[in-house]
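Reading through the structure tokens given below for one structure.
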Amino acid sequence: MLNYYKLDEWNIVEENFSADNNEISESVFSLGNGYMGQRANFEEEYSGPSLQGNYIAGVYYPDKTKVGWWKNGYPEYFAKVLNSTNWIGINIKINGVSLDLAKCFVKDFKRVLNMQEGYMLRSFKALLTNGNEVEVTSKRFISMHRSEIGVIKYSIRPLNFKGELEIIPYLDGNVMNSDSNYDEKFWDEISSEVKPYEGYVMLKTKKLDFQICTNMIYEITKNGKLIKPIVSLNQSEKYVANTSLVKCNQNDEVIIYKYVANTSSRYYDPSELIDVTKKLSRIAKEDGYELLLKEQSDAWRKKWKESDIVIEGDVSAQQGIRFNIFQLNQTYTGEDYRLNIGPKGFTGEKYGGSTYWDTEAYCIPFYLSTSDQKVSRNLLLYRYKQLDKAIENASKLGFTGGAALYPMVTMNGEECHNEWEITFEEIHRNGAIAYAIYNYVNYTGDKSCLGEFSFEVLTAISRFWAQRATFSKVKNKYVILGVTGPNEYENNVNNNWYTNKLACWTLDYTIEVIDYLRENEPERLNELKEKLNFKDDEIITWKNIIQNMYYPRDVDLGIFLQQEGYMDKEQILVKDLDKKHMPLNQRWSWDRILRSCFIKQADVLQGIYLFEKEYDISTIKRNFDFYEPRTVHESSLSPCIHTILAAKIGNYDKAYEMYLRASRLDLDNYNNDTLDGCHITSMAGTWMAVVHGFGGLRVLDNKLILNPFIPEHWSSLSFKIMFRGALLNIKFTTNKFIIQNETNVPINISVYKNDYYLNGNDILEVKIP
Ligand code: BGC
């Protein structure tokens, strides 16, 4: 797949029709607007390999758990974001023969994802088995401006014949999740209706009673003039369609404009869904395609103004980073605190569309710097609203007194993951949620969340750590036993350095927050203490744990040890491993992986990344030089952390190598799994790799700090940063940097250890010696 898509700064371009790569392209060219999204399926029938996928954020199904050996504490279900009504469908018959790219000779195929303006374009010529040749162009987008609306302009031109086109726009709710545990269909029809040029399908989930309604309205033009051919109506369970017969001559252009509204009971009362949906699609049709398209490009212009990264001198890197930013903005817009970011967003079904620690550890930094702060605040609020469930989850596992264990995978706060070594043991996720609160406060300076809701989350997580850490008489230290760190290629280990570190950091930060509240919001603190039944003795226990925690180290090597006993393993480097063994997770048995020293993703290094300011450069370097060569990066979340640390220690070649791997992961199908969907959460990691890695951005003591380096063959790197009300356009070239304050909010900034003050709308230009 390397170099399959054409290099272009603003577009992803596929220039050949390849049935083999089609499912990969369906993921890559996905569209979304935070509220809904879809894979880049074809409008017309396609009998080749394809995963038809349309998803509405937050509409999920509790699919009954399937495991070999049931363990007490496993969840009853795995929540899956639901594949819902296929609304793009427009089947075409040409003189009686179906247009199906799997069954005709395809020429001049092109699929373009226009990231600047937010649409997908597809064009091709197809020679059918009856000898008729047509030219087709379709342009489709999901409106960023009107969250429920999707629009298609589909044009057909007969190239060598005159005759009859059958045009069949339809809605189809007969869809299934590809990963349904028991091959069940999850939807029932409530009602449907079809009329000429219009139709709706309303469905409800078999469990939980989510209701969704989809309404289509379409019109047809021939050579630019609206026509009203007679239509026949088709209707069956969960399916409505029109068939319009259009007579045309060679070279006539017939265009179908299809306007669709998708609504759900998450935002409307079920009794009004049908009316609202019809109304929304009617308004869309009345406003017309051109206006909707303009709104779309305006909305994307605004997004890019706030989040673009420009890399001059390296189109491949430029395309990679824009693709990542585009997909992130398509996945989550942050208006609704009940929504979150699934590892595959709307681009596929793997991981169920649920929330992982990825959000806190990887996505929050992206949204903090590129969106209004309420977006990240909503992500914090999401976890707060699920605190009761996290407490319930911990109590199922035997924890008491308001201790919370947030789930590894969740939709509504309940745990969905069902592998004991992760569900029960990968508890570092709890720490990531606490760290995100710190990250938010540190970045925005907004401490109001602490008293309002974050203190409750921190206390509940701290209570969990205080119970999960136990005292070892042998070591005369606190230990945390039986865990899985971020490196999932080690299970049930004792004293994972990262987990122990994060646990103590959480306790310490919670104490700091208590001190802050005591000083600044004493009444609120008292209220909260009462609500949580919080006794100051807890602080004494926490301090004791912090002071007496056991941290595994190798004194001779001067490194933190990933876990106790790690050095007992045979030490082999990835470079000395025959390539035929890679990827390990596909080639080796699980026990062989567990016995080996190979590391799936940053683990000790994840901790060093989070707590970087505690370590000097030589400590970071020693740990990096030890762990990176043992890391196989078989999680997409791995390379970005390595880019950042490599940049920090001045290993620029490594930083660049890791960056490329992260930024083009899906475009180049590095891990051979893009057909399952794109790696959305790791895309935020890629952004971090550029801005925190190459840009060296940090926030310390309320100040924005930059320490950039530019990879050798880049002539410049520019990125946008929102910080405390200011929007900055920051550009580094090899001999100067320019910072433009695009707002009237003044700002302090430190670049290469020099302090600068920028007034509103100032431009600072400094030569780099
Ligand atoms: C990683 C986890 C991650 C999950 C979802 C796994 O492969 O090891 O850290 O949370 O993918 O992205």
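Per this entry, residue 735 is counted among residues that are more than 16 Å from the ligand (Cβ to nearest atom) and surrounded by fewer than 17 Cβ atoms within 10 Å (Cβ to Cβ).
Of 297, 376, all but one fail to be more than 16 Å from the ligand (Cβ to nearest atom), crowded, with 24+ Cβ neighbours inside 10 Å and in a helix (DSSP H, G or I); the exception is 376. Per the conditions (1) of a type outside the set (Phe, Trp, Tyr); (2) assigned to a helix (DSSP H, G or I); (3) within 16 Å of the ligand (Cβ to nearest atom), the sole criterion not satisfied by residue 678 is (2). Among the residues of the range 656-675, just one is crowded, with 20+ Cβ neighbours inside 10 Å, within 16 Å of the ligand (Cβ to nearest atom) and of a type in the set (S, T, N, Q), namely 674. For the subset of the range 526-554 comprising residues that are in contact with a strand residue (DSSP E or B) (Cβ under 7 Å, 6 or more places away or on another chain) and of a type in the set (A, V, I, L, M), which member is nearest to residue 603 (Cα to Cα)? Here the answer is 549. Considering 322, 338, the condition of being more than 14 Å from the ligand (Cβ to nearest atom), buried (at least 24 other Cβ atoms within 10 Å of the Cβ) and among the charged types (D, E, K, R) is satisfied by 322 alone.
Among the residues making up the range 352-367, those that are in contact (Cβ under 8 Å) with a residue 60 or more places away in the chain and either among the polar types (S, T, N, Q) or near the ligand (Cβ under 9 Å from one of its atoms) (or both) are 354, 356, 357, 358, 359, 361, 362. Scanning the range 542-565 for residues that are over 36 Å from the mean Cα position of the chain (by Cα) and of a type in the set (Ser, Thr, Tyr) turns up nothing.
Tally the residues that are more than 13 Å from the ligand (Cβ to nearest atom), surrounded by fewer than 21 Cβ atoms within 10 Å (Cβ to Cβ) and touching a residue at least 60 places away in the same chain (Cβ under 8 Å), restricting the search to the range 405-423.
First, the residues of the range 405-423 that are more than 13 Å from the ligand (Cβ to nearest atom): 405, 411-415, 418, 420.
From what is left, the residues that are surrounded by fewer than 21 Cβ atoms within 10 Å (Cβ to Cβ) are 412-414, 418, 420.
With the extra rule that they be touching a residue at least 60 places away in the same chain (Cβ under 8 Å), the set shrinks to 412, 414, 418, 420.
Here the count works out to 4.
Apart from one condition, residue 303 fits all of (1) surrounded by fewer than 24 Cβ atoms within 10 Å (Cβ to Cβ); (2) among the charged types (D, E, K, R); (3) over 25 Å from residue 441 (Cα atoms); the exception is (3). Is it fair to say residue 671 is touching a strand residue (DSSP E or B) at 6+ places or on another chain (Cβ under 6 Å) and polar (S, T, N, Q)? Considered against the rule, which asks whether it is touching a strand residue (DSSP E or B) at 6+ places or on another chain (Cβ under 6 Å) and polar (S, T, N, Q), residue 671 comes out as no. With respect to residue 172, determine if the residue is closer than 24 Å to residue 275 by Cα and of a type outside the set (A, V, I, L, M). It is true that residue 172 is closer than 24 Å to residue 275 by Cα and of a type outside the set (A, V, I, L, M).
Mind telling me which of the residues 333, 370, 400, 347 ends up being within 16 Å of the ligand (Cβ to nearest atom), of a type in the set (Ser, Thr, Tyr) and either closer than 23 Å to residue 494 by Cβ or at pLDDT 95 or above (or both)?
Working: 333 fails: within 16 Å of the ligand (Cβ to nearest atom); 370 fails: within 16 Å of the ligand (Cβ to nearest atom); 400 fails: within 16 Å of the ligand (Cβ to nearest atom).
When all the criteria are applied, what remains is 347.
Checking the condition in contact (Cβ under 8 Å) with a residue 60 or more places away in the chain, within 16 Å of the ligand (Cβ to nearest atom) and in a helix (DSSP H, G or I), which residue from 499, 510 passes? Explain how you work it out, then say what you get.
Values: 510 fails: within 16 Å of the ligand (Cβ to nearest atom).
Only one candidate qualifies: 499.
Name the one entry in 123, 84 that is at negative phi, surrounded by fewer than 20 Cβ atoms within 10 Å (Cβ to Cβ) and of a type in the set (Ser, Thr, Tyr). The unique qualifying residue is 123.
The values are calculated or read from the model by the stated rules, or taken from the named source; none is laboratory data. Every value quoted in this text rests on a predicted model; they were computed, and no experiment measured them. Positions of Cβ are generated from backbone atoms using ideal geometry, with glycine treated the same way; all protein chains shown enter the neighbour counts.
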